[in-house]
1. Report the FRET efficiency, 1/(1 + (r/R0)^6), for Ala190 and Lys113, where r is their Cβ-Cβ distance and R0 is 41 Å, rounded to 0.05.
2. From Cα pairs below 8 angstrom and at least 6 apart in sequence, can you work out the relative contact order of the chain, rounded to a whole percent?
3. May I ask you to evaluate 6.51 cos²θ - 1.76 cosθ + 1.60, the Karplus curve with θ = phi - 60°, for each residue of region 228-234 and list the ³J(HN,Hα) values in order in whole Hz, giving x for glycine and proline?
4. Counting helices only, and only those DSSP H runs with n ≥ 4, report the 222 nm mean residue ellipticity of the chain as the sum of -39,500 (n - 2.57) divided by its residues, in deg cm²/dmol to the nearest 500.
5. List the relative contact order of region 1-134 as a percent without decimals, with contacts defined as Cα pairs under 8 Å and 6+ residues apart.
6. Using modelled backbone amide H atoms (1.01 Å from N, in-plane), which distant-in-sequence or interchain residues come within less than 5 Å of Val142's amide H?
7. With each label point set 7 Å from Cα along the Cα-Cβ vector, what nm distance links Gln240 and Gln141?
8. Fully extended, how many nm does the chain gain between Lys148 and Phe223 (0.36 nm per residue separation, minus their Cα-Cα distance)?
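The values are calculated or read from the model by the stated rules, or taken from the named source; none is laboratory data. What you are looking at is a predicted structure, and each value in this text was computed from that prediction instead of being measured. As a convention, Cβ positions derive from the backbone with ideal geometry for all residues, glycine included, and neighbour counts pool all protein chains shown. These accessible areas exclude ligands, DNA and RNA; they are computed on the full protein's heavy atoms, side chains included. Shrake-Rupley method; radii C 1.70, N 1.55, O 1.52, S 1.80 Å.
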Amino acid sequence: MVDNNQNPLAKHFRQPSIYIKLPSGGKYWAEGSVELPLNGELPVYPMTTKDELTLRTPDALMSGQGVVSVIQSCCPNVKNAWDAPSIDMDTLLIAIRIASYGHDMDVDSLCVKCQEPNRFTIDLRSALDSIIPPDYNTPLQVGELRIKLKPQEYTETSKANAMGYEEQRMVANITESTLDAEEKARAIAAQMNKLIDMTTDLLAKSTAYIALTEGDVVSDQNFIKEFYANAPSTVIRTIQEKIGQMATDAAIKPYQVKCTSCETEYSMSVDFDYASFFDAGF
């Protein structure tokens, strides 16, 4: 008997194009945020027209909602992409692009020597293979403290990017305003205090715990944030440098290319602005 409720076109709906393993191995995700198959490989589907339009909506990109919606659409095993640890984001998005448009991507670049524009075709599969998760297992020794770091969740990364952009815009507006020098100084100081508070908050969100020599382990986020707000600047710089180095280690590695005009060889980084990265659609 024919099921009249079954769409006869259902077998032509999109199917998984590739399967990926998350760099995190599923660690650092909140419970229920991702469902890992037994083999650890997530199916990745091509984008729909709705997904492509979502990634062309500035407000959705700025808030992070667009990226979250597309990941959950193309990776059904991801139930809440806001909880995705930062070390998994590049892998998820590269996989979605490969599933949607294939593994080749054209990238424009100016030669570092002659400034001649070049267009290179890169294989995004090599980008996937180059992503290596940082070592979050070994605590950072800072004086007498052992600081265990962890990747930020996408919700925190997105919030920080939006807040940082807004604060920089406000400082620029204050600088260009008609306020007198004293009023400008007060306004800029207030904005800088907000940036400092945001920085300590992000450092706390990137810290799993701080272990003391006496054996005590502090994992309370409020205590950790208070410590960072009152710690010597050398401690903060050490942690920021470590986080920066870990981000560099986990980033997509530059491609080695040769200028078609002067044949100079140079390193080319891939622009990972989401709107341009997925600009292969209509």
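1. Working: r = 45 Å, r/R0 = 1.10.
Rounded to the nearest 0.05, the efficiency is 0.35.
2. Working: 361 pairs, mean separation 49.9, N = 282.
With pairs under 8 Å counted, the relative contact order is 18 percent.
3. In residue order, the calculated couplings are 5, 5, 10, 7, x, 4, 5 Hz.
4. Numbers: 10 runs with 124 residues, N = 282.
Rounded to the nearest 500, the figure is -14000 deg cm²/dmol.
5. Working: 171 pairs, mean separation 32.2, N = 134.
The normalised contact order for region 1-134 reaches 24 percent.
6. Answer set, sorted by chain and number: Ile147.
7. If labels sit at Gln240 and Gln141, their model points lie 2.5 nm apart.
8. Numbers: separation 75, 0.36 × 75 = 27.00 nm, distance 1.46 nm.
Result: 25.5 nm gained on full extension.
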